[in-house]
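Single-structure report; data block below.
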Amino acid sequence: MKRGLWSLRVLAASAMAASAMAASAQAAISPADPKASASLKRDYASCSTQSNLEACYDAIRWNPSDPALLIATGDALIRAGRPADAIRNYRRAAQLAPNTRGLGAKISSAEAKLAALNASLNRRYSNAAPESQSH
């Protein structure tokens with residue numbers, strides 16, 4: 001039951017982040033060209049809803065100091081299996097907006113995923129050590 005409640009909280013936080021992303025897209029540093037501005041808004045939406053990393057990076061190029069965008073990019077990186085990169089984005093967002101609700105939990109979760117990934121790789125490579133060869 002606790003896990004289900006936690007999942008609901010995560011989904012609610014993701015929905016709030018998507019909403020914040022849409023608001024940020026309106027307030028973002030927009031290029032003067034209307035087509036570029038529309039592209040930027042599409043990148044924001046694609047980053048938050050589809051975890052499209054290319055769109056996230058394109059949007060960050062236009063607005064590198066947007067905490068909501070950095071968090072959405074971190075979320076996309078987590079889903080892509082890149083917790084170390086996600087941690088960098090989350091920490092940058094925390095520097096820009098230190099009171100962001102739930103960000104500390106995202107950092108802790110990403111750090112736990114990175115530790116688990118490192119442990120898994122260490123086990124894999126220690127088990128795959130070459131056998132001693134005798135000549």
Quiz item: From the list Y57, Y44, which residue is in contact with a helix residue (DSSP H, G or I) (Cβ under 9 Å, 6 or more places away or on another chain) and modelled with pLDDT under 75?
Solution: Y44
Quiz item: Scanning the range 108-123 for residues that are hydrophobic (A, V, I, L, M, F, W, C) and loosely packed, with under 12 Cβ neighbours inside 10 Å, which turns out nearest to the chain's Cα centre (by Cα)?
Solution: A112
Quiz prompt | Residues of the range 90-105 that turn out to be of a type outside the set (A, V, I, L, M, F, W, C), in contact (Cβ under 8 Å) with a residue 12 or more places away in the chain and closer than 23 Å to N118 by Cβ, as a count | solution = 3
Quiz item: Within the range 92-107, how many residues turn out to be surrounded by 16 or more Cβ atoms within 10 Å (Cβ to Cβ) and part of a helix (DSSP H, G or I)?
Solution: 6
Exercise. Filter the range 51-89 for residues that are outside any helix (DSSP H, G or I), under 17 Å from L114 (Cα atoms) and charged (D, E, K, R) and give the result.
Key: R82
Self-check item: Verdict on Y125 being among the aromatic types (F, W, Y) and modelled with pLDDT under 95
Solution: yes
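The values are calculated or read from the model by the stated rules, or taken from the named source; none is laboratory data. Keep in mind the model is a prediction, meaning the values are calculated, not measured. Neighbour counts are summed over all protein chains in view; Cβ atoms, including those assigned to glycine, are modelled from backbone coordinates with ideal geometry.
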